[in-house]
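K.L.:
Dropping the structure in here first, questions after.
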Amino acid sequence: MGKLRIFLADDHAVVREGLKSLVNAQPDMEVVGEAGDGRATWQRAKQLQPDVVVMDISMPELNGVQATERLKGECPEVRVLALTVHEDTSYLRQLLQAGASGYVLKRGAAEELIHAIRTVAAGGVYLDPSLAGRVVSRYIGSQAPNGASQRGDLSERETDVLRLIALGYSNKEIAAQLGISVRTVETYKTRLMVKLDLSSRADIVRYALHQGWLQEN
């Protein structure tokens, strides 16, 4: 199996150099490209097709949200991990709605960033722990999805599992929270994804955001 191909997007060259050293020091990763603005990020990443783009939010030309929207629109298989100083959860929601699979703060530990890259590369969703703890799920009774994906189609347990997945919990953590087995969690997750026509954890997070179920506490 080859190394994970990483693209770095940040308007500060010194930050990119630090990230490059960190990523290239990992035995299973390599930096294949970089850019200092959102437009160049979109154009170069589209050509290089990396596994993960580590994306800053505040960049010239196109910001991180706009670059993510364009890139995911043309290259949905490329994963985007936001790396930013912004702790406002409104940015988190914007990035996830644009198609990002994760959100990490720059003040976090280097090991956390590496873990986040591996998580999103594997198809998972990663939320910075300090932000995930400030985000709660709130059900809005008057608001339900259209058609067959109505929230009423989900059982209470399926809804609980969806809520915890959207908050970034792993299957093992969900099992511990609900007092059930990991296998049972997987069964509930499979059922809710079929009912809502979702295909990944990232889809679940974006679904919850779209429905207004994730609100800042």
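The values are calculated or read from the model by the stated rules, or taken from the named source; none is laboratory data. Just so it is clear, the structure is predicted and the values come from calculations on it, not from any experiment. Reconstructed Cβ throughout: ideal geometry from the backbone, glycine too, with neighbour counts over all protein chains shown.
K.L.:
Of the residues GLU17, GLU61, only one is out of contact with any Pro (no Cβ under 7 Å at 6 or more places or on another chain), of a type outside the set (A, V, I, L, M, F, W, C), more than 18 Å from GLU111 (Cβ to Cβ) and free of Cβ contacts under 8 Å to residues at least 24 places away in the same chain; which?
P.N.:
GLU17
K.L.:
Only one residue in GLN94, GLN66 is in a helix (DSSP H, G or I) and either closer than 22 Å to ALA166 by Cα or touching a strand residue (DSSP E or B) at 6+ places or on another chain (Cβ under 7 Å) (or both), so which one is that?
P.N.:
GLN94 is the lone residue from the list that is in a helix (DSSP H, G or I) and either closer than 22 Å to ALA166 by Cα or touching a strand residue (DSSP E or B) at 6+ places or on another chain (Cβ under 7 Å) (or both).
K.L.:
Could you list all residues from segment 185-195 that are buried (at least 16 other Cβ atoms within 10 Å of the Cβ) and not charged (D, E, K, R)?
P.N.:
VAL185, TYR188, LEU192, MET193
K.L.:
Residues that are modelled with pLDDT of 75 or more, hydroxyl-bearing (Ser, Thr, Tyr) and outside the structural domain of LEU95 (by TED's automatic domain parsing): which helices (runs of 4 or more DSSP H) entirely in segment 141-217 hold 3 or more of them?
P.N.:
182-196
K.L.:
Can you pull out the residues in segment 68-83 that are surrounded by 22 or more Cβ atoms within 10 Å (Cβ to Cβ) and in contact with a helix residue (DSSP H, G or I) (Cβ under 6 Å, 6 or more places away or on another chain)?
P.N.:
Scanning segment 68-83 gives THR68, LEU71, ARG79, VAL80, LEU81, ALA82.
K.L.:
Please indicate, with yes or no, whether at least one residue in segment 7-18 is aromatic (Phe, Trp, Tyr) and assigned to a strand (DSSP E or B).
P.N.:
Yes, segment 7-18 contains a residue that is aromatic (Phe, Trp, Tyr) and assigned to a strand (DSSP E or B).
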